[in-house]
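Notes follow the structure.
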Amino acid sequence: MTPADPDARGVPDAPGDPVAGLAERLALLVGADRLVTDPVELAAYECDGLTHYRVVPALAVLARSRDDVRAVVAACASAGVPFVARGAGTGLSGGAVPHATGVLLVMAKMRAILELDIASQRAVLEPGVANLDVTRAVAPYGYYYAPDPSSQQVCSIGGNVAENSGGAHCLKYGFTTNHVTGLEVVTPDGEVVELGSKAADPPGYDLTGAFVGSEGTLGVVTKVTVRLVRAPQSVQTILAGFGDIDAAGAAVSAIIATGMVPAAIEMMDALAITAAEAAVGCNYPEGAGAVLIVELDGPAADVAHGLEEVERHCIESGAFEIRRAADDAERSRIWVGRKSAFAAVGRISPDYIVQDGVVPRTALEEVLRDIEVLATEKGIRVANVFHAGDGNLHPLVLFDAGVEGELARAEEVSARILDICLAHGGSITGEHGVGLDKVKAMSKMFGEDDLATMLLLRDAFDPGGLCNPGKLFPTPRLCGEAPGRRSGVHPLVESGVADLF
Amino acid sequence: MDLLDELTRVCPDASAREARPDDAVDGVTPEVVVLPRGTEEVAAVARLAASRGRTVVARGAGTKLDWAGTPSSAEVVIDLSRMDAVLEHASGDLVARVQAGARLAAIDRQLAEARQWLPVDEVVPGSTIGGVVATGICGPSRYLHGAVRDLVIGVTVVRADGVVARSGSKVVKNVAGYDLAKLFTGSYGTLGIVTEAIFRLRPSPEHRRYVTATCTDEAALAPVLADVLHAQQAATAIEVDRRSPAGPIALAVLVEGRAGPVEVRARAIAELLGASDDSEERPAGWGTLPGPVTLKVTAELTSVPALLGLVRRLAGEHRLLPVVRGSAGVGVLFVGLAADIAPRVLAAFLGDLRVRCQSLGGSAIVLRAPAATKGALDVWGPVPGLELMRRVKQQFDPERRLAPGRFVGGI
């Protein structure tokens, strides 16, 4: 065969088996050591954080450079083979579920921090860099990377870009899209495009902004330029215990009405608290029907002033206990209960579904009541954890797959929660994305014309329809194998390598 | 039936009329002007224009019609000034849904009743939301609150073919579907007509203080600016203003919040600036564009002093007297020049400026200049990703009827 040449078209692949020929070509282009062809090894990539969608890819490539990515995408384009990019595989919507007859581009090895430009408040990163590693790298200089999803110790920047990830602090600091100023992208035709830079306002269409949150359907990111934020002078965190959700909700409304913008406002209900207690012994106020975690950050004078106001409103709304974190250690302890909530429900239930929906903040109490009615009606428990400041709910729908019919009822509750969110003018996803999991729900949130208009953008980037097809948008029929539904523990958790947050 | 008759038949309430000389779009005379009352009427007009092969330009208060490239054609002007309502203000959620023809000043008056505001400065007096979104023009507050694109959480647009589409939602936290609002912001009306936009709001600040100092030149400015950027005082804005190319540079930092804390922060900033003034009154020219010929230049943050030095040097070389004003905290500055600048001189100045801006990581574009002058200029300069942008345009407006020629690469 001819020497490696990314533009070589070579002999057309044998009809009916485009991937076999592709594997040979890719071995020459990127090196056989970067290919994964053994079915047992490929199975490690069969799902992301949503373990019930599993598809083994035909082939996986461990990309080490932009040129690897370009070679793979160009080769896929010419062979008509679909491809999916995967970061750390922590996604919760099945966005990185591979194609049975396609290539999985594993980006996790591209994890270099290419440049730290502290004075210009920018970092240039390869997409495999873990979210928290950015903050770790710049913390010594007094900066941090603001978007902080709960999985930040593991999740990758590239994945954050795909999902427009948020986190507990997005009430004040926004999302990934507000912190990315530039991208290098391999477009689905195998070209490299530079969008944006360290500077603001690049001329032309805001393709960087359109790309963030596009769930890997418009191309593969190979470099990300992010904005760094100056660490606040002061951070104060309080934990307040209330008799019930309504009281806690009233406190939140009062706090917001004063004109404050806390850095974070998180709420957990009694069931979620019970689970967290069992899992990590967080010692939250005993007997609380709801707890509130409020974090303020900023200049010291503003934070001190704000803290008094927050405590006053909590007390006026009926908080029976308030704790102020005296130091970083105590602050971590307050947060550990909230951060462990998803995994913690595993202690009080054999199985669970993590849902992700958004409602206007002012509708939260009513929506939680609707969810409670629904849960009771179906005989399914729902624990609630949510970002009270922005209305992003994470209902944890608990069930036992071993009990006949419970899985189906739990799935029904989970789906109807999204209907409730939409009925209140909200969204079907605040953080986790649509992926594979919520494709059908897109038609509930958006009309045909809305979806068709979004598809115009996709057609501009990916007219061939090979870039993560079947995700995000409803298609007339699914390409490739229908994903199999299984239940059970994620392989990485089972092997003790990772914990599921 | 002629176009005007058809428009009147299709939208009887839209007051369609023949265009007058003062309806010209950057010197381009339209055929008709129509004033729809809602999104459906805008869609009907767009459909009709499409069926008659006419080009379309949207207009609000008309304050930015002469910005950027001159359109090659603007046959139907869709005037949105009757669509000026705040449709929804969910004060508990800090969200507002507004029609594109609503004026910023009127919106803020209404939001102020709940002690909230849309944190977009009214850089050009009389601006409507549609024009602000179409141009993406920001003022000093962008340093803390973000640019226009960071504040829009949903849009309703009418496509070139008259189809109405919505993206985003009324909740700030939403990742369902593509963020088309980002695509439309700053697109100068070339992808569709935004008829409604949903914004996230901020509480109105209770107190504000402008702390100002004067630096003799960019070398003196550099360390002070670096200190202010690094300070943890949560400034709302960090602005510079240089009225003559080699003259002193005024540095102004705005802090906002509760009275007591604002005092403390203003004092902390004053210490960093050395000799300084501190006032509740905004400095003269704050948040306005120098001009009447206006260039927009950007650079990485560390290069802002170098950018000022560059303008000073080029002003000397080309014998010009530019005024520079803008957000040193964001790296976006505006260069103002006299109206009678000769096109060749402007082209040379712009060319030199642009090359150096690129090496400082940024760009230089022409925001405003007389149409005749613009004809001799490369208004936008080189645009990375232009081919991809052309493909996007091709999808949204394949017949090239929305503000043709106004945007990058002649889009």
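The values are calculated or read from the model by the stated rules, or taken from the named source; none is laboratory data. Keep in mind that what you see is a predicted model, and the values were worked out from it rather than measured. Counting neighbours? That spans all protein chains shown, and the Cβs are built from the backbone with ideal geometry, glycine included. Ligands, DNA and RNA are stripped out before the accessible areas are found, and what is left, the full protein with its side chains, is counted by its heavy atoms. Shrake-Rupley method; radii C 1.70, N 1.55, O 1.52, S 1.80 Å.
Please work out which residue is farthest from B:G62 (Cα to Cα), limiting yourself to region B:104-116 and to residues that are open to solvent by 20 Å² or more (accessible area, probe 1.4 Å) and either more than 13 Å from chain A (Cβ to nearest Cβ) or in contact with a Lys or Arg (Cβ under 6 Å, 6 or more places away or on another chain) (or both).
Residues of region B:104-116 that are open to solvent by 20 Å² or more (accessible area, probe 1.4 Å), as a first pass: B:105-106, B:108-110, B:112-115.
Still in the list and also either more than 13 Å from chain A (Cβ to nearest Cβ) or in contact with a Lys or Arg (Cβ under 6 Å, 6 or more places away or on another chain) (or both): B:105-106, B:108-110, B:113.
Working: B:A105: 15, B:A106: 16, B:D108: 20, B:R109: 21, B:Q110: 22, B:E113: 28 Å.
Per the criteria, the residue is B:E113.
Mind listing just one residue for me: the one in region A:185-213 that is more than 8 Å from chain B (Cβ to nearest Cβ), open to solvent by 10 Å² or more (accessible area, probe 1.4 Å) and part of a strand (DSSP E or B) and, of those, farthest from A:G80 (Cα to Cα)?
Among them, the one singled out is A:G196.
Taking the options B:A220, B:A250, B:A275, B:A246, name whichever one is more than 14 Å from every other protein chain (Cβ to nearest Cβ), open to solvent by 30 Å² or more (accessible area, probe 1.4 Å) and assigned to a helix (DSSP H, G or I).
Numbers: B:A250 fails: assigned to a helix (DSSP H, G or I); B:A275 fails: assigned to a helix (DSSP H, G or I); B:A246 fails: assigned to a helix (DSSP H, G or I).
It is B:A220.
Got at least one residue in region B:287-294 being crowded, with 18+ Cβ neighbours inside 10 Å and farther than 29 Å from B:G126 by Cβ?
No, region B:287-294 contains no residue that is crowded, with 18+ Cβ neighbours inside 10 Å and farther than 29 Å from B:G126 by Cβ.
For region B:39-91, which positions are among the small types (G, A, S), part of a loop (DSSP other than H, G, I, E, B) and at negative phi? Please lay out each step first, then the result.
Here is the first cut: in region B:39-91, the ones among the small types (G, A, S) are B:43-44, B:46, B:49-51, B:53, B:58, B:60-62, B:68-69, B:72-74, B:81, B:85, B:90-91.
Now drop any that are not part of a loop (DSSP other than H, G, I, E, B), which leaves B:53, B:60-62, B:68-69, B:72-74, B:81, B:85, B:91.
Answer for region B:39-91, where residues must be among the small types (G, A, S), part of a loop (DSSP other than H, G, I, E, B) and at negative phi: B:G60, B:A61, B:G69, B:S72, B:S73, B:A74, B:S81, B:A85, B:S91.
Just for region A:437-453: of the residues that are open to solvent by less than 30 Å² (accessible area, probe 1.4 Å) and within 12 Å of A:G95 (Cβ to Cβ), which one is farthest from the other protein chains (Cβ to nearest Cβ)?
Across region A:437-453, the extreme among qualifying residues is A:V439.
Residue-wise test of (1) among the β-branched types (V, I, T); (2) within 13 Å of chain B (Cβ to nearest Cβ).
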position	(1), (2)
A:A123	no, yes
A:V134	yes, no
A:Y145	no, no
A:G167	no, yes
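Looking at (1) buried (at least 18 other Cβ atoms within 10 Å of the Cβ); (2) closer than 24 Å to A:I118 by Cα; (3) within 13 Å of chain A (Cβ to nearest Cβ), which one does B:A270 not meet, given that it meets all the others?
Going through (1) buried (at least 18 other Cβ atoms within 10 Å of the Cβ); (2) closer than 24 Å to A:I118 by Cα; (3) within 13 Å of chain A (Cβ to nearest Cβ) one by one, B:A270 breaks only (3).
So which residues in region B:356-375 are part of a strand (DSSP E or B) and of a type in the set (A, V, I, L, M, F, W, C)? Spell out the reasoning first.
Here is the first cut: in region B:356-375, the residues part of a strand (DSSP E or B) are B:364-368.
Hits for region B:356-375 are B:A364, B:I365, B:V366, B:L367.
Inside region A:384-431, can you point out the residues that are closer than 26 Å to A:I293 by Cβ, in contact with a Ser or Thr (Cβ under 6 Å, 6 or more places away or on another chain) and away from chain B (no Cβ under 14 Å)?
Passing the criteria: A:V397, A:L398.
Under 6 Å between Cβ atoms, at least 6 apart or on separate chains: pull out the pairs that start in region A:59-79 with a residue that is in contact (Cβ under 8 Å) with a residue 60 or more places away in the chain and end on any residue that is hydroxyl-bearing (S, T, Y).
The qualifying pairs are A:R66/A:T222; A:V69/A:T222.
Could you run through region A:288-307 and say how many residues are closer than 14 Å to A:A263 by Cα, touching a helix residue (DSSP H, G or I) at 6+ places or on another chain (Cβ under 6 Å) and assigned to a helix (DSSP H, G or I)?
Result for region A:288-307: 1.
Could you identify the single residue in A:V97, A:V81, A:V61 that is open to solvent by less than 10 Å² (accessible area, probe 1.4 Å) and either under 21 Å from A:T429 (Cα atoms) or at pLDDT below 95 (or both)? Let's see the steps before the verdict.
On the way: A:V81 fails: either under 21 Å from A:T429 (Cα atoms) or at pLDDT below 95 (or both); A:V61 fails: either under 21 Å from A:T429 (Cα atoms) or at pLDDT below 95 (or both).
Selected residue: A:V97, the only one of A:V97, A:V81, A:V61 that is open to solvent by less than 10 Å² (accessible area, probe 1.4 Å) and either under 21 Å from A:T429 (Cα atoms) or at pLDDT below 95 (or both).
How many residues does region A:228-251 contain that are outside any helix (DSSP H, G or I), more than 10 Å from chain B (Cβ to nearest Cβ) and either closer than 30 Å to A:L104 by Cβ or open to solvent by 10 Å² or more (accessible area, probe 1.4 Å) (or both)? First the steps, then the outcome.
First, pick out the residues of region A:228-251 that are outside any helix (DSSP H, G or I): A:228-244.
Those still in the list that are more than 10 Å from chain B (Cβ to nearest Cβ) too: A:228-229, A:235-244.
Adding the requirement that they be either closer than 30 Å to A:L104 by Cβ or open to solvent by 10 Å² or more (accessible area, probe 1.4 Å) (or both) leaves A:229, A:235-236, A:243-244.
Residues in region A:228-251 being outside any helix (DSSP H, G or I), more than 10 Å from chain B (Cβ to nearest Cβ) and either closer than 30 Å to A:L104 by Cβ or open to solvent by 10 Å² or more (accessible area, probe 1.4 Å) (or both): 5 in total.
Tell me whether region B:387-400 contains one or more residues that are surrounded by fewer than 21 Cβ atoms within 10 Å (Cβ to Cβ), within 7 Å of another protein chain (Cβ to nearest Cβ), without any contact (Cβ under 8 Å) to a residue 60 or more places away in the chain and part of a loop (DSSP other than H, G, I, E, B).
No - not one qualifying residue is present in region B:387-400.
Quick check: anything in region A:252-262 surrounded by fewer than 22 Cβ atoms within 10 Å (Cβ to Cβ), in contact with a Gly (Cβ under 9 Å, 6 or more places away or on another chain), more than 10 Å from chain B (Cβ to nearest Cβ) and not β-branched (V, I, T)?
no
Do you know which of the residues in region A:363-377 that are touching a residue at least 60 places away in the same chain (Cβ under 8 Å) and under 24 Å from the mean Cα position of the chain (by Cα) is farthest from B:A90 (Cα to Cα)? Outline the logic, then answer.
Applying the first criterion (touching a residue at least 60 places away in the same chain (Cβ under 8 Å)) to region A:363-377 yields A:363-365, A:368.
Subset that is under 24 Å from the mean Cα position of the chain (by Cα): A:363-364, A:368.
On the way: A:A363: 11, A:L364: 14, A:L368: 20 Å.
Here the answer is A:L368.
Out of curiosity, is A:A343 over 14 Å from A:I255 (Cβ atoms) and open to solvent by 50 Å² or more (accessible area, probe 1.4 Å)?
No: the conditions fail for A:A343.
Restricting to region B:253-267, and then to whatever is touching a Gly at 6+ places or on another chain (Cβ under 9 Å) and outside any strand (DSSP E or B), can you tell me which residue is surrounded by the fewest Cβ atoms within 10 Å (Cβ to Cβ)?
Start the filter on region B:253-267 by keeping residues that are touching a Gly at 6+ places or on another chain (Cβ under 9 Å), which leaves B:253, B:257-258, B:261, B:265.
Still in the running and outside any strand (DSSP E or B): B:258, B:261, B:265.
On the way: B:R258: 18, B:P261: 24, B:R265: 27.
Among them, the one singled out is B:R258.
Quickly run through region B:223-243 and pick out the residues that are within 24 Å of the chain's Cα centre (by Cα), over 23 Å from B:P322 (Cα atoms) and part of a loop (DSSP other than H, G, I, E, B). Steps first, answer last, please.
Within region B:223-243, the first condition is being within 24 Å of the chain's Cα centre (by Cα), and the residues that meet it are B:229, B:234-243.
Okay, now just the ones that are also over 23 Å from B:P322 (Cα atoms), so B:229, B:234-236.
Across region B:223-243, the qualifying residues are B:A234, B:A235, B:T236.
Looking only at residues in region B:313-343 that are open to solvent by less than 10 Å² (accessible area, probe 1.4 Å) and out of contact with any Asp or Glu (no Cβ under 8 Å at 6 or more places or on another chain), which one is farthest from the other protein chains (Cβ to nearest Cβ)?
Narrowing region B:313-343 to residues open to solvent by less than 10 Å² (accessible area, probe 1.4 Å): B:314-315, B:322, B:324, B:326-329, B:331-333, B:335-337.
Narrowing further to those that are out of contact with any Asp or Glu (no Cβ under 8 Å at 6 or more places or on another chain): B:315, B:322, B:333, B:335-337.
Details: B:A315: 22, B:P322: 19, B:L333: 11, B:V335: 14, B:G336: 18, B:L337: 19 Å.
This residue is B:A315.
Out of everything in region B:352-386 that is without any contact (Cβ under 8 Å) to a residue 12 or more places away in the chain and of a type in the set (G, A, S), what residue ends up being surrounded by the most Cβ atoms within 10 Å (Cβ to Cβ)? It would help to see each step written out before you state the result.
Initially, region B:352-386 is screened for residues without any contact (Cβ under 8 Å) to a residue 12 or more places away in the chain, giving B:355, B:359, B:384-385.
From the residues that got through so far, the ones that are of a type in the set (G, A, S) too are B:359, B:385.
Working: B:S359: 12, B:G385: 22.
Checked region B:352-386; the qualifying residue surrounded by the most Cβ atoms within 10 Å (Cβ to Cβ) is B:G385.
Take the residues in region B:159-186 that are outside any loop (DSSP other than H, G, I, E, B), touching a Ser or Thr at 6+ places or on another chain (Cβ under 7 Å) and over 22 Å from B:F407 (Cβ atoms); name whichever of them is most open to solvent (accessible area, probe 1.4 Å).
B:R166
Among B:G405, B:G309, B:G351, which is of a type in the set (G, A, S), out of contact with any helix residue (DSSP H, G or I) (no Cβ under 9 Å at 6 or more places or on another chain), assigned to a helix (DSSP H, G or I) and more than 12 Å from chain A (Cβ to nearest Cβ)? Please lay out each step first, then the result.
Working: B:G405 fails: assigned to a helix (DSSP H, G or I); B:G309 fails: out of contact with any helix residue (DSSP H, G or I) (no Cβ under 9 Å at 6 or more places or on another chain).
Going through B:G405, B:G309, B:G351 in turn, just one is of a type in the set (G, A, S), out of contact with any helix residue (DSSP H, G or I) (no Cβ under 9 Å at 6 or more places or on another chain), assigned to a helix (DSSP H, G or I) and more than 12 Å from chain A (Cβ to nearest Cβ): B:G351.
Given the conditions (1) on the phi < 0 side of the Ramachandran plot; (2) in a loop (DSSP other than H, G, I, E, B), and given that A:S443 satisfies all but one, which numbered condition is not satisfied?
(2)
Report the residue count in region A:112-155 for those that are aliphatic (A, V, I, L, M) and in a loop (DSSP other than H, G, I, E, B).
Of the residues in region A:112-155, the ones aliphatic (A, V, I, L, M) are A:112-114, A:116, A:118-119, A:123-125, A:129-130, A:132, A:134, A:137-139, A:146, A:154.
Subset that is in a loop (DSSP other than H, G, I, E, B): A:112, A:118-119, A:129, A:146, A:154.
Count: 6.
From the residues in region B:19-46 that are in contact with a strand residue (DSSP E or B) (Cβ under 6 Å, 6 or more places away or on another chain) and more than 21 Å from B:R159 (Cα to Cα), which one is most open to solvent (accessible area, probe 1.4 Å)?
B:A19
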